[in-house]
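In what follows, a structure is listed as structure tokens, so that the remarks can point back to it.
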Amino acid sequence: MADLKALADAVIRGDQNTAVEITKKALAEHTSAKSVLEDGLIAGMNVIGNRFKKNEVYIPEVLIAARAMKMAMEVLAPELVKAGVKPVGKFMIGTVKGDLHDIGKNLVAMMLKGAGFEVVDLGIDVAPEKFVEKAKATGIQLIGMSALLTTTMPSMEKTIKALKEAGVSAMIMIGGAPITQGYADKIGADGYAPDAASAVDLAKSLVA
Ligand code: B1M
């Protein structure tokens with residue numbers, strides 16, 4: 001029998017070969033795709049997320065774990081589709097206009113994928129019009145914006161204004177080194193998270 005605890009441990013260690021191998025074995029043995037996802041991959045990423053929050057692991061460990069999860073997800077994804085497993089929620093993220101920093105944004109995207117969200121990544125330097133266009137095209141539930149520069153923080157406010165004017169009803173969360181809860185409140189965002197692990201908790205609570 002494939003061991004889903006061992007799968008979670010492989011994700012935690014960032015051991016992509018073992019993660020892929022156990023995922024394949026579990027599917028070959030008819031373990032449900034949902035169980036492989038929830039009891040193996042997501043369980044492992046949850047541990048990493050909690051350790052990251054407590055500063056017990058750092059960015060490289062999170063990136064390596066996320067890569068192991070990504071490789072296993074490539075094997076699992078077709079089975080999840082067949083089984084009709086629905087994502088926890090649909091999340092769209094981008095670094096706002098004028099801003100080219102994407103390390104934190106990528107980390108947030110990976111952690112949310114790890115938590116079972118379907119993630120649309122718009123990349124960097126994303127103009128308000130692009131957020132609006134993609135939000136309308138995808139019917140997304142939750143939009144995330146990242147900014148690392150004090151000079152690009154106003155792009156968040158402009159984007160929120162554009163989304164509201166376009167009638168987009170998705171929840172909006174923001175983050176990035178210069179962002180604070182006070183700023184989120186001021187510009188009308190629905191939530192702020194200081195780091196990628198808290199972003200997962202926030203995203204779950206916003207789509208709940
Ligand atoms: Co830039 N840069 N940079 N830079 N850069 C900073 C941000 C800076 C603080 C450095 C400094 O002066 N001390 C400073 C900003 C000052 C300010 O505005 N107050 C700065 C500057 C000035 C600039 C340039 C203007 C430099 C220049 O050209 N003169 C220029 C601007 C380019 C542009 O964007 N238009 C620039 C360029 C660059 C590089 C391209 C060289 C590179 C980016 C590479 C890349 O991202 N692919 C870069 C880098 C690497 C940095 C530092 C060193 C590191 C940023 C980083 O990746 N941190 C940074 C200094 C620093 O922070 N020590 C700096 C790690 C990352 C995991 O953290 O992004 O904060 P962070 O993400 C965290 C949280 O904030 C949160 O979760 C993440 C994980 O916990 N989070 C969210 C992030 N987004 C979230 C979204 C959420 C929720 C949480 O919900 C949606």
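The values are calculated or read from the model by the stated rules, or taken from the named source; none is laboratory data. Small disclaimer: the values here were computed from a predicted structure and weren't measured. Don't worry about glycine lacking a Cβ; one is built from the backbone with ideal geometry, like all the others, and counts go over all protein chains shown. All accessible areas refer to the heavy atoms of the entire protein, side chains included, with ligands and DNA or RNA removed. Shrake-Rupley method; radii C 1.70, N 1.55, O 1.52, S 1.80 Å.
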Margin query: For S155, what accessible surface area do you get with a 1.4 Å probe? Give it in Å², rounded to 10.
Written below: 20
Notebook entry, point to check: Just the accessible area per residue of the stretch 1-64, please: how many Å² with a 1.4 Å probe?
Noted result: 53
Notebook entry, point to check: What length, rounded to one decimal in nm, is gained on full extension from K86 through to Y58, with 0.36 nm per residue of separation minus their alpha-carbon distance?
Noted result: 7.1 nm
Checklist line | Sparse-neighbourhood loop sites, GluC sites (Glu not before Pro) in the stretch 1-96 - DSSP loop, at most 15 other Cβ within 10 angstrom | finding: E29, E56
Next item on the list: Using 0.36 nm per residue of separation minus the Cα-Cα distance, give me the extension gain between K130 and A177 in nm, one decimal.
Entry: 14.6 nm
Check: Roughly what angle does helix 4-13 make with the longest principal axis of the chain, taking Cα atoms, 0 to 90 degrees, to the nearest 10?
Finding: 50
Checklist line | Within the stretch 33-129, chymotrypsin sites (Phe, Trp or Tyr not before Pro) in DSSP loop having at most 13 other beta-carbon neighbours inside 10 Å | finding: Y58
Notebook entry, point to check: Taking Rh as the Kirkwood radius computed over C-alpha pairs, what is the Stokes-Einstein D of the stretch 110-171 at 10 °C in a medium of viscosity 1.306 mPa s, expressed in µm² per second?
Noted result: 128
Checklist line | Computed label-point distance, nm, for sites I103 and H30 using a 7 Å Cα→Cβ extension | finding: 4.8
Item checked: Kirkwood Rh in Å, taken over the stretch 59-112 so that all alpha-carbon pairs contribute -> 13.0
Margin query: Calculate log10 I(q)/I(0) of the stretch 4-82 for q = 0.23 Å⁻¹, where I(q) comes from the Debye formula with a single equal point scatterer on each Cα and nothing for solvent.
Written below: -0.93
Notebook entry, point to check: Roughly what angle does helix 153-165 make with the longest principal axis of the chain, taking Cα atoms, 0 to 90 degrees, to the nearest 10?
Noted result: 90
Checklist line | Accessible area of the stretch 75-208 divided out per residue, in Å², using a probe of 1.4 angstrom | finding: 45
Checklist line | trypsin sites (Lys or Arg not before Pro) within the stretch 1-68, DSSP loop, no more than 10 other Cβ atoms inside 10 Å | finding: K54
Check: Can you tell me the Rg and Dmax of the chain, counting just the alpha carbons, in angstroms?
Finding: 17.4, 54
Note to self: Using a 1.4 Å probe on the protein heavy atoms only, what accessible surface does I103 show? Give it in Å² to the nearest 10.
What the structure shows: 110
Note to self: Classify the stretch 90-207 from the C-alpha gyration tensor, please: rounded if a/c falls under 1.5, else prolate or oblate depending on whether a/b exceeds b/c.
What the structure shows: rounded
Checklist line | Accessible area of the stretch 1-129 belonging to carbon and sulfur atoms, whole % at 1.4 Å probe | finding: 57
Margin query: Positive end of the dipole of the chain, charges at C-beta (+1 Lys, Arg; -1 Asp, Glu), about the Cα centre: which of N17, P194, L63 has its Cα farthest in that direction?
Written below: P194
